[in-house]
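The values are calculated or read from the model by the stated rules, or taken from the named source; none is laboratory data. In this text the structure is predicted, and so the values were computed from the model without any measurement. So basically every Cβ, Gly included, is an ideal-geometry build from the backbone, and we count neighbours across all protein chains shown.
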Amino acid sequence: MDLSKILNKDQRKSIMDALLTPFSWGYGACVWLRNKAFDFGLLPQEEFEIPVVSVGNITVGGTGKTPHVEYIIEALYRRYHVAVLSRGYKRKTKGFILASNNMSPRDIGDEPYQIYRKYSGLITLAVCESRRKGIHELLRIDPKINLILLDDGFQHRYVKPKVNILLLDYNRMPFEDKLMPLGQLREPVESVSRCDMVVVTKCPVDLAPMEIRMFKQQLNLLNYQKLFFSTIRYGEPVPVFPVQSQELTSLQWLHEDDAVLCLTGIATPKPLVRYLRQFAAPVKVMHFDDHHFFTRRDFGDIFKVYKSLTGKRKFIITTEKDAVRIMNNPYYPPIKRNCIYYIPMRVGILAVDGPDFVDELVANIDKQEEEANLTTMSDDNR
């Protein structure tokens, strides 16, 4: 019996909610116990002498961690000797790996590879499942490192960061969500109390003052916690593969008789799709799972859809994160290299009442360093 033909959408959702609720309660109980074990010292946390800045979230994927880490790198690499440490999600390797020029996304993961490709020579980057082990190894390899960014470090509580930055998606705020698997929360909303800085990401550029007040009221942050709002800024299309002549240099040049295939393998493709549909050309969308490594069969399916597009000019447009996986993929057909582009994505911090984001971050880092120095001086005087 096909229940989808008997029950409407709301009825099916009610049944699924009822089935998943016990699992959500069980998951929540495990998370609560784990956090209490850290709070009471039953599970050990290690604090390092150099500042560790964690950038993370409490929802499953798609809050914009990578572009925010890049924003922080660009703001701080001139002040500090910066290292980035990531888990390297979906990489095909294990243990501690120090990024180098001869590596691919399969070695260190697509997001770390994207960061390393942009900032090689300016930062040190490594991946490791154990953040404590990874930090110790980074400091052993390069003792000059004096600032470490933990990519997706909010749940990795074995390391106690000097500054904890929590990202919340404007389009799915935690107080409107539920714990996994009923919703997309990795932790309960109360976990917001662990962070020093909160950034509401993917906001509209014209964020209304009333919305800002609403977020402040609903988050109910403590006095020392600071709230910021960021938005996505898309750049002009860039060829995924080096080509002699770039046919598409601006999305403004797309015409109604052109055609675009938007190809994504990220958690939340909707913002990019909405952006592309502002322009004249019709947009067809093909979406794969987050961090998807494209197979030979995938590309066969992709180019069947591409071939079916009706337009004088046809383009494939993807994300920067997908581009780093595609450019290193042996199955991508060489004769199609001139039709695929990616759209760079950058973060912009909205100017609202309150401190500047970078100034606040540096003040937090310096404050923690001053406290560490005072502690060291006190120990030396004993």
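Here F288 clears all of (1) without any contact (Cβ under 8 Å) to a residue 24 or more places away in the chain; (2) not assigned by TED's automatic domain parsing to the domain that holds K92 except the condition numbered (1).
Here the condition is being surrounded by 14 or more Cβ atoms within 10 Å (Cβ to Cβ), touching a helix residue (DSSP H, G or I) at 6+ places or on another chain (Cβ under 9 Å), polar (S, T, N, Q) and outside the structural domain of L138 (by TED's automatic domain parsing); of N57, N35, it holds for N35 alone.
Tell me yes or no: at least one residue of the range 180-195 is acidic (D, E) and either in contact with a Gly (Cβ under 8 Å, 6 or more places away or on another chain) or within 15 Å of T63 (Cα to Cα) (or both). Yes, because at least one residue in the range 180-195 is acidic (D, E) and either in contact with a Gly (Cβ under 8 Å, 6 or more places away or on another chain) or within 15 Å of T63 (Cα to Cα) (or both). The residues of the range 64-95 that are surrounded by 19 or more Cβ atoms within 10 Å (Cβ to Cβ) and farther than 16 Å from L149 by Cβ amount to a single one, R91. Residues of the range 156-190 that are assigned to a helix (DSSP H, G or I) and among the aromatic types (F, W, Y): F175 alone. Scanning the range 237-281 for residues that are assigned to a loop (DSSP other than H, G, I, E, B), touching a strand residue (DSSP E or B) at 6+ places or on another chain (Cβ under 6 Å), surrounded by 15 or more Cβ atoms within 10 Å (Cβ to Cβ) and without any contact (Cβ under 8 Å) to a residue 60 or more places away in the chain yields P269, A281. Which ones in the range 291-321 are free of Cβ contacts under 8 Å to residues at least 60 places away in the same chain and touching a Leu at 6+ places or on another chain (Cβ under 7 Å)? The answer is I302, V305, Y306, L309, I316, T319.
Taking the criterion of being part of a loop (DSSP other than H, G, I, E, B) and loosely packed, with under 15 Cβ neighbours inside 10 Å, the residues of the range 209-234 that qualify are N220, L222, N223, Y224.
A quick yes/no check of all residues on (1) under 24 Å from H136 (Cβ atoms); (2) more than 12 Å from the chain's Cα centre (by Cα); (3) among the hydrophobic types (A, V, I, L, M, F, W, C):
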site: G41; (1), (2), (3): yes, yes, no
site: F48; (1), (2), (3): yes, yes, yes
site: G56; (1), (2), (3): yes, no, no
site: T59; (1), (2), (3): no, no, no
site: I72; (1), (2), (3): yes, yes, yes
site: Y89; (1), (2), (3): yes, no, no
